[in-house]
Structures are given as structure tokens and as C-alpha cells.
Amino acid sequence: MERLFETLPETTVTIRVDPEASVAPIREALARIFDTGRVSVIEGSPTQPDEVVAVRIDEVVAASTAESLLQSLLLVNSDIYITGSRELDEAALPDVLQALHDIPFQLRGYPESDSEKLLLIAVSRAIERRAADAAAGTLRVGFQQLSRLVEEPGTYRVYERLAETDLAVHAYGVGDTTPPADLDVTTHTGTSQLHRKGWFVVFEPPTPAVEPAGLYAIERGDNEWEGFFSFEPSRIDAMQAVITELATTQPQ
């Protein structure tokens, strides 16, 4: 499971936050999650293209409003996704967050943090929406426990919708429940580290004309996660290869 992290590029990004936006929590949240030496969150300027910008090699590569980042990370909780009060068609990542692709993050869930884990959920939903819009291709998803797919109403509705398309949907996790027979999802159960500790959502589109997307994370401790997300086709292929290999060759 580790080799995907070993191939990540030595990319660095600077996030500049307009001080007039009064969004100190954004600076703190991004610094905590991406505190790996690859991302710097600093005070920006009122003259920059938007309230929050991402800079790579002295070039602004993405810009977002403070509000979009607050709604993604700080002013919401996981219930909006679990209950389905935020519809799949509303799922989107602010451009500044997308600019942090292929950079490892480290985050904590409740009770250590009320907001950090939302990055995992928000990226997952954005990839699921991309797959739903394409309505074809392959989607591989790690739930840790398959009961999450069945018992979380919002998640179940998302996968009902995905299963109604031409997507090949594969769900991985501990087999603590059996999804309904009419849900067209292929399940892969086991007790390996991949099944128990892997949180991944990997979309391989049906044609190169559609951009792939993948999230890959490992639970390192109790509700503590390390991962990254990517839109690079070769990296998405590598994610799929690792998932299919580990799901079939590790002790079950």
C-alpha cells in the first residue's frame, strides 16, 4: 500500500490568503492538513486574483473565494453527506483545493478535529460526481466496512444513482453486511489492510477525453489518515493496479 506514496513528485505549493478576507481558519486548516513541507499557507495581497490563490513556481495556478473553501472544509459537517442533504450534483472542489493534487496530506477525524476529515469526504463526492456525469467507466471504492454503503442514506443514494449507469462499480471492505441484490455493485470483501484501512475512490473513465480522478488514503492510527488525490492518468492506473493486486493477493 505504501509504494504509491513513494512515487509522488516533489511538488510544492504556496497558498496566499487575502488578509482582508478575514479567513484565518482557512489558513490554519490548510496548514494542518497539508503540513508535510510541501504546502505553505501565507498572507496574500488584496490585489491578487481572488481571496485565496494557489501558486506554483511563482505562477498563480488556481483561485477561489474564501466562502467556497469555508463551505468545503469549515462551515459544514459530515452529516450533510451522510444524510444526503447535499446532493451529488452539488459536489465540487474549489479550484485551490484541486491545485493540491499529488501532494500528501495528513488529517484527523472526530474527536481530534471536526473539520479535517471533510477533505476526504469532499474529494470522494467530487470524484463520484465525475463518475456519475460520465455514466461509464470503472469506479473502485474502499469503504472499510460495507455497512457504510448500506446504512448511510446519502451514500446509499449516491451509489443507487451510480449503479443505474453503465459504470462498473467495485466496493471494497470488511464484509459486515451484504448490499441489496438489486444494487448493481460488485463487492470485494476481506480482512486485509486494504479492506480494513483503505479509503479510496478511483475513477477510470471510458475514454481519454474524460479526465480520470483518484483519492487514495490509509488509516495510520485511530481515525488518522494519510493520503493524496490525483488527476494524472498514469497515477490513476497505478492506484487501480495496487488495489486490484492487494485485494486478491493479501491474506483474507
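The values are calculated or read from the model by the stated rules, or taken from the named source; none is laboratory data. Model, not experiment: these values are computed from the prediction. Neighbour counts run over all protein chains shown; Cβ positions are idealised from the backbone, glycine included.
Checking each residue in the stretch 222-244 for being of a type in the set (D, E) and either without any contact (Cβ under 8 Å) to a residue 60 or more places away in the chain or in contact with a Ser or Thr (Cβ under 8 Å, 6 or more places away or on another chain) (or both) picks out D222, D237.
Residue count for the stretch 88-117, restricted to those that are under 18 Å from S64 (Cα atoms) and modelled with pLDDT under 90: 3.
The strands (runs of 3 or more DSSP E) found wholly in the stretch 134-243 and carrying at least 2 residues that are closer than 18 Å to L88 by Cα and among the aliphatic types (A, V, I, L, M) occupy 136-145, 166-174, 198-204, 213-221.
Filtered by the rule that a residue be without any contact (Cβ under 8 Å) to a residue 60 or more places away in the chain, crowded, with 20+ Cβ neighbours inside 10 Å and of a type outside the set (V, I, T), the stretch 1-17 gives a lone residue, R16.
Against the criterion of being hydroxyl-bearing (S, T, Y), modelled with pLDDT under 95 and touching a Lys or Arg at 6+ places or on another chain (Cβ under 9 Å), T244 qualifies. The residue of the stretch 69-87 that is surrounded by the most Cβ atoms within 10 Å (Cβ to Cβ), among those that are at pLDDT 75 or above and either among the β-branched types (V, I, T) or over 16 Å from the mean Cα position of the chain (by Cα) (or both), is L70.
A quick yes/no check of all residues on (1) surrounded by 14 or more Cβ atoms within 10 Å (Cβ to Cβ); (2) at pLDDT 95 or above; (3) out of contact with any helix residue (DSSP H, G or I) (no Cβ under 9 Å at 6 or more places or on another chain):
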{"residue": "E164", "(1), (2), (3)": "no, yes, yes"}
{"residue": "A171", "(1), (2), (3)": "yes, yes, no"}
{"residue": "P205", "(1), (2), (3)": "yes, yes, no"}
{"residue": "P212", "(1), (2), (3)": "yes, yes, no"}
{"residue": "L215", "(1), (2), (3)": "yes, yes, no"}
{"residue": "F228", "(1), (2), (3)": "yes, yes, no"}
{"residue": "P251", "(1), (2), (3)": "no, no, yes"}
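Applying the criterion of at least 3 residues that are touching a Phe, Trp or Tyr at 6+ places or on another chain (Cβ under 7 Å), of a type in the set (D, E, K, R) and at pLDDT 90 or above to the strands (runs of 3 or more DSSP E) found wholly in the stretch 13-63 leaves an empty list.
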